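The values are calculated or read from the model by the stated rules, or taken from the named source; none is laboratory data. Not measured: the values here are computed from a predicted model. No Cβ is skipped: glycine too gets one built from the backbone with ideal geometry, and neighbour counts run over all protein chains shown. Accessible surface areas use protein heavy atoms only, side chains included; no ligands, DNA or RNA. Shrake-Rupley method; radii C 1.70, N 1.55, O 1.52, S 1.80 Å.
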Amino acid sequence: MFRSNIGPGRIRLFSVIAAVTLSLFIISCQGTVSVPGSVDFGNADSPVRIELFTDYQCPVCTRFHDEVESALIRELVDNRGFLFRVTPVALLGEESALAGAYALAARDQGRFEEYAALLYGAQTEINSGNYTEENLRQLASGIGLDTARMESAVERNGYLEVIAGNTAIARNLGISGPPSFAIVYTLDEQRRYELIQGFVSLPVFIDYLDQVETLIRDQ
């Protein structure tokens, strides 16, 4: 099951307080992969964006990654020309923060997707000592990443602090757990935001996007 602010035949704008928070969030996340704490796939000027807030210790995030994410990116980017954004967060603890920081360091070497897949695949019990610096370096070394460069990037770019910032933003949006999705689009010259929390199948996402596209087209 998932929770959304969208209902059959209607779109509801967030409250004024939430809209202000989200407006600040959008300003901080404009651009392409230059965003410090996120990775973008697709057109940065897209009228529609789906942002995934993911935690590498989250088993439901792993299920979404394995079953839906690649197909959803193809649907969004290739078929519709939209933007998909991945924002690592640490809603489940310190090991999530370290894993997210190393994922951003892998992004800097152009290997984010490969490394993220390894992080999901390496899951054990939450905060059980699995995502240590040594283990994260071993995962990176196994696919030929420059581990010294990754360590330097994590420290130099303050990626642990970046993940902490991502996590604070997620909580301010009302996100209580991963995976969660923010859908952002413009309707009647107003920026609109919808939150979905939990696992979402591809057919449900496609139906949702069809509704949003219909609203945009008919405005």
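Those helices (runs of 4 or more DSSP H) of region 102-205 in which at least 2 residues are basic (Lys, Arg), considering only elements entirely within it, cover 147-156.
Under the condition of being open to solvent by less than 40 Å² (accessible area, probe 1.4 Å) and polar (S, T, N, Q), the residues counted in region 164-200 number 4.
When Glu125 is tested against (1) among the acidic types (Asp, Glu); (2) more than 13 Å from the chain's Cα centre (by Cα); (3) open to solvent by less than 30 Å² (accessible area, probe 1.4 Å), only condition (3) is not met. Considering region 107-133 alone, what residues qualify as being over 14 Å from Ala97 (Cα atoms) and among the charged types (D, E, K, R)? Of everything in region 107-133, those that are over 14 Å from Ala97 (Cα atoms) and among the charged types (D, E, K, R) turn out to be Arg107, Asp108, Arg111, Glu113, Glu114, Glu125.
Restricting region 146-163 to residues that are of a type in the set (A, V, I, L, M) and crowded, with 16+ Cβ neighbours inside 10 Å, the residue that is nearest to Val89 (Cα to Cα) is Ile163.
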